[in-house]
């Protein structure tokens with residue numbers, strides 16, 4: 001029987017065996033496979049594999065088991081999945097402990113989303129939360145941790161629709177909406193009286209049942225923060241943009257009942273969408289949502305009282321002005337001495353008085369509109385450009401960046417919302433969205449990596465800029481903003497969407513629009529080079545180097561002919577160098593060896609000139625080191641070992657200077673590791689083994705440092721182990737068997753350790769680990785040429 | 001097995017890039033290891049291509065079933081691309097559909113599945129449908145015109161075979 005036939009037979013037998021009671025299977029199998037021991041063994045192996053609960057894994061137990069759906073939790077049997085989100089999942093469950101039955105919703109939160117502080121706070125507050133018994137608040141019954149350490153909460157199950165959905169679906173009248181809102185206020189006031197703040201009041205956190213009863217969910221439960229978030233950042237991240245009070249964005253400040261009042265104002269605004277003429281209700285919303293917490297209603301009841309007053313007074317609105325008039329008259333008659341007591345009186349007068357104050361505030365707000373607009377502009381710009389750049393320079397600030405991105409978005413939307421804004425402001429809003437898109441998705445600096453969001457933001461930017469460009473095609477600012485957008489979209493199309501055709505079209509359009517301005521300034525010249533390079537790269541992406549080449553050449557011709565003032569701009573030089581490097585790559589791929597060599601020499605010269613013009617800039621140094629490194633790699637692949645050595649030596653020297661400049665820059669250490677690794681190999685190619693060994697030591701040291709900084713994560717240790725194995729190989733080829741074994745044994749020890757802790761992939765375990773063990777076994781006891789002369 | 005309508009197949013070809021984009025998006029990142037569920041990929045891609053909820057259940061199942069093979073190919077291509085681009089590309093892990101524990105290396109699974117194809121193409125296809133399209137046993141039974149109990153049995157056999165192959 002062939003192997004395949006045997007396997008087929010075993011599979012068929014296994015399926016039959018499933019019908020045989022487990023304790024009779026062995027006997028049944030004996031009988032079925034009599035005289036066929038191989039078939040028996042294979043079938044038995046399948047039976048045993050079927051029973052194995054865990055497949056050998058790659059060290060991701062914690063992450064995976066958190067995703068697992070438990071069949072029950074405590075006294076609750078999970079029956080269905082209600083929803084899954086970034087925070088975790090919500091399940092429908094039944095209490096079936098026998099004493100009583102109840103349908104509940106259980107939210108299981110992914111571990112690591114709550115910082116330790118938040119978990120501690122949650123646990124402290126659970127008792128209080130559990131005692132919040134109110135008809136308009138979904139009860140919190142229980143909470144705890146699953147076996148795998150995920151926090152969970154058991155809540156009253158509410159079968160209802162989110163507030164705004166309910167309003168739309170039932171076509172609720174204004175009176176019904178106000179009644180629901182009043183119930184919401186009552187629930188929040190009740191919670192506040194028990195010193196519980198909701199923290200995240202949004203229309204989505206209010207469910208309305210089929211009977212028209214509002215239920216607040218997620219009371220006091222902060223939204224997730226990522227682990228490692230600082231307290232301030234954590235507080236700010238728990239907010240929903242648009243509903244969170246502005247003081248929360250700055251972090252630090254304790255969350256107070258005033259923040260809930262702000263959110264209630266926003267919810268009311270969404271629910272009623274008052275028309276511009278409805279000044280009273282707009283004034284009420286404005287007061288609830290005042291930027292300054294002190295200027296808001298002091299309590300939910302005060303907000304509600306004002307609303308009630310508004311409702312009751314609608315038919316007699318005309319009188320309010322008269323009453324105000326009377327009050328002002330009274331004040332005028334009795335002079336300034338009365339001012340203090342009058343203020344107190346107005347507050348005590350409740351609805352009417354507060355409405356008057358709010359009206360006055362609304363008028364003043366209109367006067368302040370322009371000022372606020374300018375402030376918004378300034379904030380958006382500083383968030384997107386200065387603050388973000390500042391934060392980007394610090395490692396591990398992804399959370400902070402995410403928060404910045406989200407906050408900036410709300411400001412940008414405010415800017416973009418006004419179609420009558422002057423052109424320059426709309427250009428700014430368009431570029432703001434573009435920048436935000438780089439922040440969340442594209443961009444070299446970004447770690448957020450949310451490509452879909454980034455694309456959506458680019459589309460938003462285009463929605464602003466494209467009509468603007470159509471209306472003002474001759475406006476240089478508009479045209480150039482459009483070029484910036486098109487270049488970004490072209491990059492996104494190519495590198496994110498893998499759509500080379502779209503990238504080509506976009507870059508070509510950028511080039512066309514830029515044509516009249518291409519010599520306007522250094523930025524224009526740089527973008528013109530970039531537009532040509534992007535078109536070339538669109539071809540290169542699909543290995544169409546023959547078509548890429550002329551475009552690279554066109555860019556180089558343009559750059560070479562630039563007037564001195566533009567050509568000597570460092571960013572233009574850098575763009576030219578980057579184009580030359582890609583042009584060299586195109587030649588190399590087209591096997592035009594000599595052209596590749598010359599072009600890469602020029603790329604190197606260009607990047608060197610950049611570092612000379614602007615010394616000590618790490619980004620420029622890195623470009624230079626990379627150009628040298630790439631040239632060395634190409635030389636090495638053409639077996640020009642001496643030339644490879646010269647180029648990589650320079651690359652290593654630049655990388656070392658980067659590290660000396662800032663020993664804390666992990667990017668510099670990584671550059672050292674990259675360059676020295678090729679250097680060690682080039683030296684070994686030249687049979688200069690003792691030098692190769694010394695450089696190899698530096699490679700290892702760099703990896704050790706990177707692993708140490710990364711907190712000895714599995715990934716970094718794996719890199720170190722891989723570098724040790726390569727290092728050992730270079731020594732082995734130089735017949736330095738003791739050295740080879742020292743490196744290999746250390747590398748192997750790391751692999752074994754990773755394997756023991758389960759942090760190894762199946763592939764690493766079966767291939768890399770096996771090979772490493774094999775090296776050590778065959779060549780290291782004692783160290784000898786156990787693997788042939790060269791490996 | 002039901003006949004594939006040419007229209008749907010064209011649709012798949014036309015949206016090959018969309019699948020690729022989704023796969024690449026998921027494989028992006030600089031982690032020590034990546035944890036992915038190919039099922040989610042197939043659904044994400046399908047949802048982008050057209051509103052899955054708006055087509056009837058049968059067509060939906062059929063579409064996903066067809067996309068299983070393409071999704072697997074694209075995902076593995078992208079993984080190889082990732083490996084080629086990064087010397088230290090992280091391992092990519094996944095888990096058995098419908099099971100909450102254990103993780104397995106996607107590339108190892110793919111290699112084992114390729115072997116299973118030589119032995120038993122029908123069961124290998126079943127694995128593709130579950131792993132890469134996220135179909136349930138019932139849906140597979142429906143699309144293949146067999147009974148759920150048969151599919152369940154075949155799935156257990158295929159799973160056991162793959163486990164024994166992976167532990168070899």
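The values are calculated or read from the model by the stated rules, or taken from the named source; none is laboratory data. Being a predicted model, the structure only gives us computed values, none of them experimental. Here the Cβ positions follow ideal geometry from the backbone for every residue, glycine too, while neighbour counts run over all protein chains shown.
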By residue number, the members of the range B:84-101 that are under 25 Å from residue A:717 (Cα atoms), facing chain A (nearest Cβ under 10 Å) and either surrounded by fewer than 22 Cβ atoms within 10 Å (Cβ to Cβ) or modelled with pLDDT of 70 or more (or both) are B:87, B:88, B:90, B:92, B:93, B:94, B:95
Number of the exception - residue B:136 against (1) within 17 Å of the chain's Cα centre (by Cα); (2) modelled with pLDDT under 90; (3) farther than 17 Å from residue A:764 by Cα; (4) crowded, with 19+ Cβ neighbours inside 10 Å
(4)
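Residue-by-condition table, conditions (1) modelled with pLDDT of 85 or more; (2) in a strand (DSSP E or B); (3) over 30 Å from residue B:105 (Cβ atoms):
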site: A:9; (1), (2), (3): yes, no, no
site: A:57; (1), (2), (3): no, no, no
site: A:62; (1), (2), (3): no, no, no
site: A:93; (1), (2), (3): yes, yes, yes
Members of the range A:19-45 found to be within 14 Å of chain B (Cβ to nearest Cβ), out of contact with any helix residue (DSSP H, G or I) (no Cβ under 6 Å at 6 or more places or on another chain) and part of a loop (DSSP other than H, G, I, E, B), listed by number
A:19
Go through the range A:182-195 and give me each residue that's touching a residue at least 24 places away in the same chain (Cβ under 8 Å) and out of contact with any helix residue (DSSP H, G or I) (no Cβ under 6 Å at 6 or more places or on another chain).
A:182, A:183, A:184, A:186, A:187, A:190, A:191, A:194, A:195
Residue in the range A:96-109 that is over 17 Å from residue A:217 (Cβ atoms), in a strand (DSSP E or B) and at pLDDT 65 or above present:
no
In the range A:277-310, what count of residues is obtained for those that are out of contact with any helix residue (DSSP H, G or I) (no Cβ under 8 Å at 6 or more places or on another chain) and in a helix (DSSP H, G or I)?
1
For the range A:416-426, state whether one or more residues are assigned to a helix (DSSP H, G or I), at pLDDT below 85, within 14 Å of chain B (Cβ to nearest Cβ) and touching a helix residue (DSSP H, G or I) at 6+ places or on another chain (Cβ under 6 Å).
no
Just wondering, is there one or more residues in the range A:723-742 that are at the interface with another protein chain (Cβ under 10 Å from one of its Cβ atoms) and under 31 Å from the mean Cα position of the chain (by Cα)?
yes
Out of (1) surrounded by fewer than 21 Cβ atoms within 10 Å (Cβ to Cβ); (2) assigned to a helix (DSSP H, G or I), what's the single condition that is false for residue A:639?
(2)
In the range A:21-33, residue nearest to the chain's Cα centre (by Cα) [restricted to those that are surrounded by 15 or more Cβ atoms within 10 Å (Cβ to Cβ) and modelled with pLDDT of 85 or more]
A:29
Would you pick out the residues in the range B:125-168 that are free of Cβ contacts under 8 Å to residues at least 24 places away in the same chain, within 12 Å of chain A (Cβ to nearest Cβ) and in a helix (DSSP H, G or I)?
B:149, B:150, B:152, B:153, B:156, B:160, B:163, B:164
May I ask you to verify whether residue A:551 is modelled with pLDDT under 95 and more than 34 Å from the chain's Cα centre (by Cα)?
no
Of these, A:543, A:521, A:537, which one is modelled with pLDDT under 95, over 26 Å from the mean Cα position of the chain (by Cα) and within 14 Å of chain B (Cβ to nearest Cβ)?
A:543
Of all residues in the range A:459-477, which are within 17 Å of residue A:507 (Cα to Cα) and surrounded by fewer than 24 Cβ atoms within 10 Å (Cβ to Cβ)?
A:459, A:462, A:466, A:469
Identify, by number, the condition in (1) surrounded by fewer than 16 Cβ atoms within 10 Å (Cβ to Cβ); (2) more than 17 Å from residue A:212 (Cα to Cα); (3) in contact (Cβ under 8 Å) with a residue 24 or more places away in the chain that residue A:140 doesn't meet.
(1)
Quick one: is residue A:745 more than 14 Å from every other protein chain (Cβ to nearest Cβ), within 23 Å of residue A:668 (Cβ to Cβ) and touching a helix residue (DSSP H, G or I) at 6+ places or on another chain (Cβ under 8 Å)?
no
